[in-house]
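Written below as C-alpha cells is the structure these notes are about.
Values in this text are rule-based calculations from the coordinates and carry no lab data. Given the structure is predicted, the values throughout are model-derived calculations rather than measurements. Note that each Cβ is placed from the backbone with ideal geometry, even for glycine, and that neighbours are counted across all protein chains shown.
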Amino acid sequence: MKKWTFIIDVAKCHDCNNCFLACKDEFCDNDHLPYSISQPNHGHRWMSIQRTERGQYPRVDVGYLSQPCMHCDEPACLGAAENGSIYKRDDGIVIIDPVKSKGQKNLVDSCPYHAIWWNEEKQIPQKCTFCAHLLDNGWQQPRCTQACPTGALSVEYLEDNELTELVKKEVLEAYQPHLNTHPRVYYKNLYRFTRCFISGSVALSDVDECAEGAVVKLSASHLENDLETITNNYGDFKIDNLIADGEKIMLQLKYSGYEKQIKHLELTNSTDLGTIHLSKNKP
C-alpha cells in the first residue's frame, strides 16, 4: 500500500525556520489525540535544523539539514517501547502514544537520530507525528512542508516500488544509512552537508589577470574517472561532493600557453587553495 515519505532538498534550505515555526503553531497548546498532546513552548524541535560551514574565506558555504522524525521502517524506538506505546501505521508514520508512553524517558535515548524529546511537565516522550491528524482529515501534506517557501521540504505518498524509482531518478539518499533503521526521509543534495569541496582561483602571473577557462582536473584512487571543471570569468573553480577521508588527491591546472601546475594534498575538510598563479610557457 502507499506510504508517506519526506523528501528534503538540502540545497534549497535557507534556514528560514518556517517549518519549525509552523510545527510550533500546530502543536503548542494544542492536543491532537490519539497522536499527540501539546508540545512545550520552549525546548522541543520536532523539526530540527542542523548547520555546517564548509571552506575558508573567501569561499565559504553553509549547509542546512532539516531533520524531523525519520519515521523509520525499522525504528529503534519501537523495540525500546513498553506496552505498545510506539507503533507504525500502515501508511509508514511512526507514532508515540501520548498516554501509553507516560514515564518512558528511556525512549529519548533510543532514537539514533535524536528526534525524540522529553516533555518534563507531561512526563512523556514526544516527536514529529507527520501531522497525522491533518492527513486523516484530508490534508495532502503536513504543516512544515506547507510553510516551506523554497520547496526544500515536500512529501510523497507512494507505493514502495514507486519510491524506489523516485530515489533512483532524483538521486536521493538516506541520512546515516549505516544505522540500519531504513528511514522514510530522503535527501537530495545531501553532499552539501556531509561531504566537502576543493576550490581556488587561477591567475596568469605575467599579466596579473584572471584565467577564465582554465582546466582543473582532480584525480584520486577511489574515483572511477577524473573530475574536471573549468574556471569562470573570475578564474574561480569549485569541485564538490568529495569524501573527506584524508586520501591523497592530485589536482592539475592547465591553461593554453602556460605551464601546467600540479598540486598534491590530503583532503580532510573543505579546502580553498587561494589564488594559484600560472607561469607563461618558456620560449
Loop-located GluC sites (Glu not before Pro) in the range 1-101, at most 16 other Cβ atoms within 10 Å (DSSP): Glu82
Greater than 28 Å apart at Cα, pairs in Lys12/Lys122; Lys24/Lys168; Lys3/Lys169; Lys127/Lys169; Lys105/Lys188; Lys88/Lys168: Lys12/Lys122; Lys24/Lys168; Lys127/Lys169; Lys105/Lys188
Unpaired by the 4.7 Å Cβ criterion, cysteines found in the chain: Cys13, Cys16, Cys23, Cys28, Cys72, Cys77, Cys111, Cys131, Cys148, Cys196, Cys210
Label of the coordinate-derived value, mean projected area of the Cα convex hull in nm², listed as (1) 14.7; (2) 15.9; (3) 17.6: (3)
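Mind running the shape call on the range 1-50? Use the C-alpha gyration tensor, a ≥ b ≥ c as the square roots of the eigenvalues: rounded below 1.5 for a/c, prolate if a/b tops b/c, oblate otherwise. Can you show the working numbers first?
Details: a/c = 2.86, a/b = 1.23, b/c = 2.33.
The shape class here is oblate.
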Normalised contact order of the range 60-121, rounded percent, pairs of Cα under 8 Å and 6 or more residues apart: 33
Sequence-separation-based contact order of the chain, relative, with Cα cut under 8 Å and 6+ spacing, percent: 20
Qualifying lysines (Cα of each under 18 Å from Cα of Lys254; at least 8 residues distant if same chain): Lys217, Lys238, Lys263, Lys280, Lys282
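In square nanometres, what is the average projected area of the Cα convex hull of the range 14-142? Write out the running numbers ahead of the final one.
On the way: hull surface 36.5 nm².
Approximately 9.1 nm², given one-decimal rounding.
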222 nm mean residue ellipticity, helices alone, for the chain (DSSP H n ≥ 4; -39,500 (n - 2.57); rounded to 500): -3500 deg cm²/dmol
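Given 4 °C and 1.567 mPa s, compute D for the range 202-283 with the Stokes-Einstein relation, Rh being the Kirkwood radius over Cα pairs; round to the nearest whole µm²/s.
For the chosen part, D equals 97 µm²/s.
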